[in-house]
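Down below is the structure, laid out as C-alpha cells.
The values are calculated or read from the model by the stated rules, or taken from the named source; none is laboratory data. Being a predicted model, the structure only gives us computed values, none of them experimental. Note that each Cβ is placed from the backbone with ideal geometry, even for glycine, and that neighbours are counted across all protein chains shown. The accessibility values were calculated without ligands, DNA or RNA, using every heavy atom of the protein model including side chains. Shrake-Rupley method; radii C 1.70, N 1.55, O 1.52, S 1.80 Å.
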Amino acid sequence: MSLLLAGARAQSTTQPQAGLTDEQTAKLSRCKAIIENPADSDGTRQGQAEELLLTGWPAAAELLIELLETSSDGSTRAAICRAIAQIKTSYPDLVGADMAGPLVRLLTDGDSSVSSAASQALATFRDEQVIDHLGKLARDPGKPAAQRLAVIRALAPNIDSRRVIKQLIDLLEVKEPVVLDEALRALAPASRVDFGRSVEAWVAWWQEKAAMDETAWLKDRVSMFSRRAYDAELRLEKAHRRSEARYQTLSRRLGDVLRVNYRLTAQEAQRDALLVRWLRDPLIDFRRTAVDLVREQIYDQVRPSQAVRAALRECYADVSPELRREVLELVAALNDPADMEPILARLPVETDVSVRETILGVLSKLRNPGAIPVLIDEIGNPSSPSSCIAKAAQSL
C-alpha cells in the first residue's frame, strides 16, 4: 500500500488515539488561529506549527495535514512546511511518514515559496518508505515533469544515503532528457569522479558500491567527504589570501587618496576637521590614515589640536587592538600628564594583553605620580599576565 494512503504514524512517538482534554483542544484551536493569521509574522506562525509537532499528538499532525491540503493561503502552507523541516531535522521521530504525502502534492504548488519550502521539508525525510516512494514518483512518466524534477531535488540533499543513490541510478533508465539531466546533476556529488552524462559509467560505479557491506560503504563515504572538506579548506584559504591581498591594495590606494586630500586642504581648521571625522569613521582605513597623519604632525613638532586629541582618546576603545596601541603610543609621544586619567580609565576594561602592556608603558612616560598606585596594583594582581607585571615593574 502507498505510504500516501496508509497514513501510518510511528506509534512509539505519539499518544494513543483518544479524546483530547479541554486544555489540548484549546491549544489546538489557539495554535491554528495563529498559524492561519497573515497578520502574524512568518516566524511566529512557523513557531506555532512547530509547537504542535512537538506535542506528538496525532490530532496535531492531522490538523497540520488538513491545513496543508485545504488552506488557500500560501504563507500558511509555507510556514507549516518550514516547521516540518525544522522538527524533522531535530526530532525525526516526531514527524511521521504520513506528512510526506501533502508535501509531495505541494511540489507543484503555484506559489514558488510553498513549493520550495515543501521540497526542503521533504529533503529532511530519510525514512526508507518515503525515499522509495519519491523514487517511484520521479520515475512515473504519468506525473507532471515539474513534480518529478522537484522530487529529484528533494532526494538530492541525502546523496550520502545508498537508498537515495539507488533511486537516482534507477532514474538513468528514463527516456525524458530533462528528468535524466536532473538525476545526473543530483548524482554528481556521490562520486569522487565526475562521470558527466555517461550512464554506463554511473551504473558501473554503482554496481561496485552496491556490493560493499555497510562498514565498507561508510568508510568510503567518510574518506570522500573528508577529502572534499580538506580541499574546500584549501580553496577557502586561497580565496582568503586573494581577498586579503586585494583589500590591502585598495586600503593603500584609499590611504593615498586621503593623504592627498588632507595636504590639498589649506586651512588648518579644515585639516583638523578632516582628522576628527576620519578618526570617528566606522571604516578602519580612514581611522588608520588619520592616525598616520597625526603621527606625522607629532614628528614634525606640531602638537595636535584639542579637537583632534579628543578624537584620539575616543580611539582608546577602538575595535582594533593594533589601532588602540598606535593611538596610545602617539599619546605617549605627546608626553602630557593630563592624558593620564583617560588612560587609567581604559586599563580596567582592556582585555588585549599587548594593549595593556602599552598602557602600562605609557603611564611611565607620562611621569604622573598618580600612576604609581595603579602600577603597584598591577604587580600585585595574581590574575595579571606575567608580561603585564613585568611592564608595570619596569614602569615604576
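Placing pseudo-labels 7 Å out from each Cα toward the beta carbon at A188 and D377 gives an inter-label distance of 6.3 nm. So if R0 is 41 Å, what FRET efficiency would S243 and T351 give, r being the distance between their Cβ atoms, rounded to the nearest 0.05? It comes out at approximately 0.90. Entry note, the chain: relative contact order of 7 percent, from Cα contacts under 8 Å with a spacing of 6+ residues. The HN-Hα couplings worked out from phi for the range 289-296 by the Karplus form 6.51 cos²θ - 1.76 cosθ + 1.60 (θ = phi - 60°) are 5, 4, 4, 4, 5, 5, 4, 4 Hz, whole numbers, x standing for Gly and Pro. Packing order of peptides 114-127, 320-333, highest average first: 114-127, 320-333 (average count of other Cβ atoms within 10 Å over each peptide's residues).
Local charge for Q24 was computed over the other residues whose Cβ lies under 14 Å away, with Lys and Arg +1 and Asp and Glu -1, and equals -1. Note on the range 31-105 and the range 344-366: Cα centroid distance 56 Å, given to the nearest whole angstrom.
Helix-only arithmetic for the chain: the sum of -39500 (n - 2.57) across DSSP H runs with n ≥ 4, divided by the residue total, places the mean residue ellipticity at 222 nm at -22000 deg cm²/dmol. Using the Karplus relation 6.51 cos²θ - 1.76 cosθ + 1.60 with θ = phi - 60°, the per-residue 3J(HN,Hα) values for the range 141-148 come to x, x, 8, x, 4, 4, 5, 4 Hz, with x marking Gly and Pro.
The length gained by stretching the chain between E314 and E214 to full extension, at 0.36 nm per residue less their Cα-Cα distance, is 29.8 nm.
Within the same chain, lysines fewer than 8 places from K136 are excluded, and of the rest, those with a Cα less than 24 Å from its Cα are K88, K166, K175, K209.
By accessible area, using a 1.4 Å probe on protein heavy atoms only, the chain has 54% of its surface on carbon and sulfur. Note the listed values (1) 23.1; (2) 27.5; (3) 24.6, then indicate which one is Kirkwood radius over Cα pairs in Å calculated from this particular structure. Checked against the structure: label (2). Rounded to the nearest 10 degrees, the inclination of helix 74-90 to the longest alpha-carbon principal axis of the chain is 80 degrees.
Phi angles of the range 202-209 translate, via the Karplus equation with coefficients 6.51, -1.76, 1.60 and θ = phi - 60°, into HN-Hα couplings of 5, 5, 5, 4, 5, 4, 5, 6 Hz per residue; Gly and Pro are given as x. The range 211-259 and the range 269-329 have Cα centres separated by 36 Å.
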